[in-house]
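Here is the structure we will look at.
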Amino acid sequence: MANTAASPLGVYLEHLAKGELAYQFSPDANAAVFYPRVVCPFTGGDNLQWRVSKGMGTVHATTVVTPVKGDPYNVALIDVDEGFRMMSRVEDIPPLDVRIGMRVRFRVHAADGEEPAYPVFTPAEAAA
Amino acid sequence: MNGLTRGSAAIVGAAESDIGAVAANMSPLDLMAQGVHRALADCGLKLRDVDGIFCATTQARTSAMSLCEYLHLPAAYTDSTIVGGSSFEVHVAHAQAALAAGLCTVAVIAYGSTQRTVGRRQASAREYNPYETPFRPFLPATAYALAASRHMHEFGTTREQLAEVAVAAREWALLNPAAWEKQPLTIAEVLSARPISHPFTVRDCCLITDGGGAIVMMAAARARSLAKPPVYVLGCGQAITHASISSMPNLTSTGARESGATAYRMAQMRETDIDVLALYDAFTINTILFLEDLGFCPKGEGGRFVGDGRIGPKGSLPVNTNGGGLSYCHPGMYGLFLLIEAVRQLRGECGARQVAQAETALVHGNGGVLSAQATVILGTRATL
């Protein structure tokens, strides 16, 4: 059998480079799979499809890291509408203003030197 | 079901190595060996009696191999399972199985860390996770803070309730001469301390110390002739639900539910049968989650449950009587110290912090970021 042409992370990063948040879907389990894998954790099979998220989600949990040097910043877990959870951060508002339940929209944090692109989120609606 | 037999093995020796701030250039293996030496002295056995090595440290990739070399035990049965801080509770179950199968007759479980001396980055380098590292989580604190944020959101748990856990630990620590922290702590001081990862301040987070130690285990039938009364392994259970916090199935419900249920079933006990608790308090939220998941209060009630000093020295439920990872000692993987304190409580060796008529202890280890949960129920001979 020929080796797999592209790793799960490789495909994910290719999508991000194009501005897309990709995830896998297991048709046999009828469930989203994230982080991307070579084996479906629900079925044990390798039938996994790549899909692109519409990029909408809800803040599931949130914290603000206060580093010894530098400004405090947000770290959050986002429940993406297609049914998977990921770590990210919510930008464009003060980190302590990020609230559980807040609707958020994906955008790409562009690649910077050695660091590949990664997904961040912004509030989907203007603050009430 | 785990295939183990209630009371088939016992902890016969227990000791800390040097802890707190150890001498310059002391190695993790030095501390493991010192712990083994002291734990053997505690029960009157000799190094040459040892034929089973169980150990873990983040500072030696092949720690069992290194400890076999250090102690000249070439034929020892070895197990260096590492699942974070609960590794040593897992080792208890593995040692019990190995003793029952005749793979060894005298097992030592050892730990050593010099993380305070060499620095956390050096002692426990973080692996790169492409799905988390870009967001710069301050691990492990950020992971536990995310769980705390969710617990506060779902159940109304308050900042002050989290602080109660740190204050209770400190009150216990003031009764333990070996504890790192020597000064009283108030709820206001916890809240106003340096912020780490919201809602946690530095006082919600475990200490960063050096330390190590060891326990000695034998089959119950052989344990009675030794220097100290054996402490019997009545129940064991483990559950590993995830490795990284973004994969935790439910941020407010841990694998302690499963590990505890397995341990209770094996011990033929329930939470009301437990006299002393040792719960891995890496962060203040841990104690609250584990009290819930191990059945001491309903899910979501943990914050209210720890109010009014209930788990402190003047309270009704003794939890972390040594002062815990929050105020006694935390060299990175704290699980072995939970076992040492439980053994001492069940032997009645704890002086000012001794719990009266302690016959049973529940030890709960936590590894990773609420990832690897392992429960051990221990009892005196009266509980067999």
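Return the average number of partner chain Cβ atoms within 10 angstrom of each residue Cβ along peptide B:138-148.
4
Among B:S244, B:S225, rank each residue by its count of other Cβ atoms within 10 Å, from fewest to most, as a rough exposure measure.
Placing the least packed residue first, the sequence is B:S225, B:S244.
What order, most packed first, do the peptides B:316-327, B:199-210, B:293-304 have when packing is the mean number of other Cβ atoms within 10 Å of each residue?
B:316-327, B:199-210, B:293-304
Would you kindly derive the ³J(HN,Hα) couplings of the stretch B:218-225 from the backbone phi angles with the Karplus curve 6.51 cos²θ - 1.76 cosθ + 1.60 (θ = phi - 60°), listing them in order in whole Hz, with x for Gly and Pro?
Each residue of the stretch B:218-225 in turn: 9, 4, 4, 4, 9, 7, 6, 7 Hz.
Mind giving me the FRET efficiency for A:M56 and B:K182? R0 is 41 Å, r the Cβ-Cβ distance, nearest 0.05 is fine.
Result of the calculation: an efficiency of 0.20.
Please report how far the C-alpha centroid of the stretch B:57-77 lies from that of the stretch B:154-189, rounded to the nearest whole angstrom.
37
Find out how many positive minus negative residues lie around B:T186, taking Lys and Arg as positive, Asp and Glu as negative, among other residues whose Cβ is under 12 Å from that of B:T186.
Summing Lys/Arg as +1 and Asp/Glu as -1 gives -2.
Return the percentage of antiparallel bridges among DSSP beta bridges fully within chain B, rounded to the nearest 5 %.
75
Can you check what the net charge comes to around B:V355, using other residues whose Cβ is under 11 Å from the Cβ of B:V355 (Lys, Arg +1; Asp, Glu -1)?
Here the charged neighbours net out to -1.
Find, among the trypsin sites (Lys or Arg not before Pro) in the stretch B:31-89, those assigned to loop by DSSP (not H, G, I, E, B) with at most 15 other beta-carbon atoms within 10 angstrom.
B:K46, B:R61
Count the net charge of all other residues whose Cβ sits under 12 Å from the Cβ of B:T117, scoring Lys and Arg as +1 and Asp and Glu as -1.
-1
Let me confirm one metric for peptide A:66-78, namely the mean number of other chain beta-carbon atoms within 10 Å of its residues' beta-carbons.
Rounded to a whole number, the mean comes out at 4.
Please list, ordered by chain and number, the residues whose modelled amide H lies under 5 Å from the amide H of A:V104; skip anything fewer than 5 residues away on the same chain.
A:G57, A:T58, A:V59, A:A124
Of all DSSP beta bridges located in the protein assembly as shown, what percent are antiparallel, nearest 5?
Once the DSSP bridges in the protein assembly as shown are tallied, antiparallel ones form about 80 percent.
Under 19 Å Cα-Cα from B:K182, which aspartates and glutamates qualify once same-chain neighbours fewer than 8 residues away are excluded?
B:E16, B:D18, B:E164, B:E171, B:D204, B:D210, B:D281, B:E341
Specify the residue with the greatest mean-square fluctuation among B:T142, B:T272, B:T252, computed from a Gaussian network of chain B linking alpha-carbon atoms under 10 Å apart.
Top of the fluctuation ranking is B:T272.
For the stretch A:28-128, which GluC sites (Glu not before Pro) are in a loop by DSSP, counting at most 14 other Cβ atoms within 10 Å?
Answer by residue number: A:E114, A:E125.
Run lengths n ≥ 4 of DSSP H only: what is the helix-derived mean residue ellipticity at 222 nm for chain B, with -39500 (n - 2.57) per run over all residues, to the nearest 500?
Helix contribution divided over all residues of chain B: -9500 deg cm²/dmol.
Between the stretch A:1-79 and the stretch B:79-112, what is the separation of their alpha carbon centroids in Å?
After rounding, the separation between the Cα centres reads 36 Å.
Quick one: what are the phi-derived ³J(HN,Hα) couplings along the stretch A:26-40, Karplus 6.51/-1.76/1.60 with θ = phi - 60°, whole Hz, x for glycine and proline?
Each residue's phi maps through the Karplus curve to give 9, x, 6, 9, 6, 9, 6, 10, 7, 5, x, 9, 9, 10, 6 Hz.
To the nearest 10 degrees, how steep is helix A:8-17 against the longest Cα principal axis of chain A, on a 0 to 90 scale?
Roughly 50 degrees, rounded to the nearest 10.
Under the rule of at least 5 residues apart or a separate chain, name every residue whose amide H is placed under 5 Å from the amide H of B:G13.
B:V216
Could I have the simple spin-label model distance between A:T43 and B:R136, label points 7 Å from Cα toward Cβ, reported in nm to one decimal?
Between A:T43 and B:R136, the label points sit 4.1 nm apart.
Each value in this text was obtained by applying a stated rule to the coordinates, not by laboratory testing. Everything numeric in this text was worked out from a predicted model, so none of it was measured. Reconstructed Cβ throughout: ideal geometry from the backbone, glycine too, with neighbour counts over all protein chains shown.
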